[in-house]
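Take a look at the structure set out below.
The values are calculated or read from the model by the stated rules, or taken from the named source; none is laboratory data. Here the structure is a predicted model, which is why all the values come from computation and not from measurement. Because the Cβ atoms are built from the backbone with ideal geometry, glycine has one as well, and the counts that use them run over all protein chains shown. In case anyone asks, the SASA skips ligands and DNA or RNA and just uses the protein heavy atoms, side chains included. Shrake-Rupley method; radii C 1.70, N 1.55, O 1.52, S 1.80 Å.
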Amino acid sequence: MTNQQQEMIEYTIQEVIRYLIEDKNITMEQAMDEFFLSDVFEKLNDIETGLYLEGSAYIYEMLKR
């Protein structure tokens, strides 16, 4: 994984967690738990899926499903 890929993933993680906090009115810890335990998080970290290239809003919509 390149530094650029890692930075893109980290930015997306921050954004998705922010969406969770705002939409569900939950704590950061709860949002992190929910996202980090999801299949979407796993796929986001797998470079082969290319999911890290998608926007954070798209990834959040995947998580909501």
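Worth pointing out:
- Filter pass, Ile17 being open to solvent by less than 50 Å² (accessible area, probe 1.4 Å) and outside any helix (DSSP H, G or I): no
- The number of residues in the stretch 27-65 being more than 16 Å from Met8 (Cβ to Cβ), open to solvent by 40 Å² or more (accessible area, probe 1.4 Å) and in a loop (DSSP other than H, G, I, E, B) comes to 3.
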